[in-house]
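In what follows, a single structure is set out as structure tokens and then discussed.
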Amino acid sequence: MNDERTGDLVTRAGRGDQAAWRMIVDRYSRLLCAIARSYGLSGADADDVVQTTWLRLVERLSLLRDPARTGAWLAVTARRESLATLRRLGRERPLHGHGPSVTGPHHVVFGRDLASSVGAALDAVPPRCRSLLELFIASPQLSYSEISAALGVPVGSVGPTRARCLTHLRRRLGGLA
């Protein structure tokens, strides 16, 4: 039963099957929590992000175009909710989960320019690459199987796809990479 496809579980959950809901929650809760924590959110704030992400799924379950891609939808929604929470808390998103190492104003400016360049390069790569790379950046502790489940791709394609996506990103960054 644990090997059931996400799309099938989502379809069953949409019909009110509580066992399917539990399986979906069991499958993706750890990923959602890891995403929220990667934004530097406290335990309570991360829990709020996870709960809000599940609420968004319940609200939009019938609107999902491809139930098999629910893992990717949840990951994107958790990232957006994490950013919204940070904005509400009046903080900026940490770069790589750490505060900047500031020794002077030029480091702050360089850090912002670098973050802006990387952000622009991520926006320019194909959407599937952006989703994959953002998961690796936001949650480096995730296994390939967790990333596979989140994005709805075969686990064997995660590594090669990551390599191709990093090549795309390096080309976009030009001299910075």
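The values are calculated or read from the model by the stated rules, or taken from the named source; none is laboratory data. Since this is a predicted model, take the numbers as computed values, not measurements. So basically every Cβ, Gly included, is an ideal-geometry build from the backbone, and we count neighbours across all protein chains shown.
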Output the residues belonging to region 151-177 that are in contact with a helix residue (DSSP H, G or I) (Cβ under 8 Å, 6 or more places away or on another chain) and modelled with pLDDT under 80. LEU173, LEU176, ALA177
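Of ALA78, ALA84, ALA20, which residue is loosely packed, with under 14 Cβ neighbours inside 10 Å and at pLDDT 85 or above?
Criteria check complete, one pass: ALA84.
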Being within 21 Å of ASP8 (Cβ to Cβ) and among the β-branched types (Val, Ile, Thr) is the requirement here; does ILE35 meet it? no
Of those in region 108-145 that are of a type in the set (Asp, Glu) and either outside any helix (DSSP H, G or I) or more than 12 Å from the chain's Cα centre (by Cα) (or both), the residue modelled with the highest pLDDT is ASP123
Residue count, region 50-75 (criterion: at pLDDT 90 or above, within 12 Å of ALA149 (Cα to Cα) and surrounded by fewer than 19 Cβ atoms within 10 Å (Cβ to Cβ)): 0
Looking for whichever is of a type in the set (Val, Ile, Thr), within 20 Å of LEU132 (Cβ to Cβ) and part of a helix (DSSP H, G or I) here; the options are ILE24, ILE35. Which one fits? ILE35
